[in-house]
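First up is the structure itself, then whatever we jot down about it.
The values are calculated or read from the model by the stated rules, or taken from the named source; none is laboratory data. Everything numeric in this text was worked out from a predicted model, so none of it was measured. For neighbour counting, all protein chains shown are included, and Cβ atoms are generated from backbone atoms with ideal geometry for every residue, glycine included. Areas reflect the complete protein model, heavy atoms only, side chains present, ligands, DNA and RNA absent. Shrake-Rupley method; radii C 1.70, N 1.55, O 1.52, S 1.80 Å.
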Amino acid sequence: MSTRDSIPKIRTLSSYRRRTVDINVTPANSVEIADLHRYISDVLGDGIASVETVRDVHAKQGFSIWKVEDGKGKTSGVFALLFLNDAGLKALHEDRFDARAPDMAHLADNPQSVVAIFAWCFVLRGKAKAALLKVATWLDLCGWNECPIFTNPVTPQGSRLAEALGFRPVHDPRQSALHAVM
């Protein structure tokens with residue numbers, strides 16, 4: 001068997017665009033936060049924000065945390081975006097932004113004060129990856145398509161996904177995991 005035969009065919013995000021994917025993407029409600037946090041923790045481990053922090057973010061920005069369900073209503077993914085104000089963007093540039101415990105003063109109070117987006121969490125497997133296309137469309141419709149987008153991958157898979165989506169290190173990778181779409 002050749003090396004070429006042993007490499008699995010990896011589906012790109014554009015392939016999801018070409019076919020209808022049976023998923024449902026909706027904002028999380030406050031009752032679902034604990035279960036969604038557990039779902040994320042099962043995949044990413046302990047290096048994530050606490051459930052209390054996630055609840056605080058959800059209370060401030062009810063449009064930050066989203067769940068993805070398959071056609072049968074079972075959770076198949078979760079993603080969270082932090083919508084940053086000027087202070088949050090400045091904290092990112094000064095390497096003072098703590099993704100595990102974001103300062104609520106760094107989060108935009110309303111859609112008009114959003115100046116940057118932080119991809120806080122993406123746990124998407126299989127068909128749930130098609131949710132990324134819905135995220136991009138939603139951000140465009142909200143008028144945030146010109147906002148810089150940052151992330152801080154916490155797993156090797158997250159780093160690969162970030163790179164595939166166009167994220168590149170902002171600083172020396174040995175010093176900071178901060179990435180931005182460049």
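Across region 129-182, the number of residues qualifying as farther than 18 Å from Lys90 by Cα, touching a Leu at 6+ places or on another chain (Cβ under 9 Å) and not polar (S, T, N, Q) comes to 14.
Only one of the numbered conditions (1) open to solvent by less than 40 Å² (accessible area, probe 1.4 Å); (2) part of a helix (DSSP H, G or I); (3) of a type in the set (Asp, Glu) is not met by Glu52, and that is (1). Screening region 72-88 for residues that are open to solvent by less than 50 Å² (accessible area, probe 1.4 Å) and out of contact with any Cys (no Cβ under 9 Å at 6 or more places or on another chain) and picking the one that is farthest from Trp138 (Cα to Cα) gives Ala87.
Here region 113-170 is the region considered, the condition is being part of a loop (DSSP other than H, G, I, E, B) and polar (S, T, N, Q), and the residue that is most open to solvent (accessible area, probe 1.4 Å) is Asn145. With respect to the conditions (1) surrounded by 17 or more Cβ atoms within 10 Å (Cβ to Cβ); (2) in contact with an Asp or Glu (Cβ under 6 Å, 6 or more places away or on another chain); (3) over 18 Å from Leu161 (Cα atoms); (4) not hydrophobic (A, V, I, L, M, F, W, C), Asn24 falls short on a single one, namely (1).
In region 94-110, the residues that are farther than 18 Å from Gly62 by Cα form Cβ pairs under 8 Å with partners that are open to solvent by less than 80 Å² (accessible area, probe 1.4 Å) and among the aromatic types (Phe, Trp, Tyr), at six or more places apart or across chains, as follows: Phe97/Phe118.
Condition check ((1) open to solvent by less than 80 Å² (accessible area, probe 1.4 Å); (2) at pLDDT 70 or above; (3) closer than 20 Å to Gly158 by Cβ) across all residues:
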residue: Met1; (1), (2), (3): no, no, no
residue: Arg4; (1), (2), (3): no, no, no
residue: Pro8; (1), (2), (3): no, no, yes
residue: Thr20; (1), (2), (3): no, no, no
residue: Glu32; (1), (2), (3): yes, yes, no
residue: Leu36; (1), (2), (3): yes, yes, yes
residue: Leu44; (1), (2), (3): yes, yes, yes
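Which one of these is in contact with a helix residue (DSSP H, G or I) (Cβ under 7 Å, 6 or more places away or on another chain) and farther than 16 Å from Ala162 by Cβ: Val123, Val78? Spell out how you get there, then give the answer.
Working: Val123 fails: farther than 16 Å from Ala162 by Cβ.
On inspection, the qualifying residue turns out to be Val78.
For the residues Leu165, Leu161, Leu178, Leu141, the requirement of being more than 20 Å from Ala49 (Cβ to Cβ) and touching a residue at least 12 places away in the same chain (Cβ under 8 Å) singles out Leu165.
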